[in-house]
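**Q** Got a structure here, written out as structure tokens. Questions coming.
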């Protein structure tokens with residue numbers, strides 16, 4: 001099963017740094033988030049580098065950090 005990245009570059013530019021900031025604010029390492037949120041380390045690094053953000057990964061990270069996201073379609 002393939003995972004598609006449906007996020008635009010503008011969306012990645014906005015969301016990915018916020019996800020990294022949440023990790024840093026909590027004093028967590030990439031390895032800790034990887035293990036606790038059940039996300040591969042390679043994918044997590046790519047997310048924090050603004051390279052990709054599969055929806056399944058976004059859902060896991062938002063749940064892990066206790067955050068919600070509202071999607072607006074215009």
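**Q** With the structure loaded, tell me whether residue 30 is farther than 16 Å from residue 14 by Cβ, surrounded by 18 or more Cβ atoms within 10 Å (Cβ to Cβ) and free of Cβ contacts under 8 Å to residues at least 24 places away in the same chain or whether it fails that test. Step through it out loud before you land on a result.
**A** Details: farther than 16 Å from residue 14 by Cβ: yes; surrounded by 18 or more Cβ atoms within 10 Å (Cβ to Cβ): no; free of Cβ contacts under 8 Å to residues at least 24 places away in the same chain: yes.
Spelling it out, it is not the case that residue 30 is farther than 16 Å from residue 14 by Cβ, surrounded by 18 or more Cβ atoms within 10 Å (Cβ to Cβ) and free of Cβ contacts under 8 Å to residues at least 24 places away in the same chain.
**Q** Next question. For the stretch 47-61, which positions are within 19 Å of residue 29 (Cβ to Cβ) and within 9 Å of the chain's Cα centre (by Cα)? First the steps, then the outcome.
**A** Step one: filter the stretch 47-61 for residues within 19 Å of residue 29 (Cβ to Cβ), giving 47-49, 57, 60-61.
Those that are within 19 Å of residue 29 (Cβ to Cβ) and within 9 Å of the chain's Cα centre (by Cα): 47, 48, 57, 60, 61.
**Q** For the stretch 25-39, what are the residues that are part of a loop (DSSP other than H, G, I, E, B) and out of contact with any helix residue (DSSP H, G or I) (no Cβ under 7 Å at 6 or more places or on another chain)? Break it down stepwise before answering.
**A** We begin by selecting, within the stretch 25-39, every residue part of a loop (DSSP other than H, G, I, E, B); these are 26-29, 38-39.
Selection gives 26, 27, 28, 29.
**Q** Something else now. Could you list, in sequence order, all residues of the stretch 40-66 that are surrounded by 12 or more Cβ atoms within 10 Å (Cβ to Cβ) and in a loop (DSSP other than H, G, I, E, B)?
**A** Result: 50, 51, 52, 53, 54.
Every number here is computed from the coordinates shown, using simple stated rules; none is lab data. The structure displayed is predicted, hence computed values, not measured ones. Counting neighbours? That spans all protein chains shown, and the Cβs are built from the backbone with ideal geometry, glycine included.
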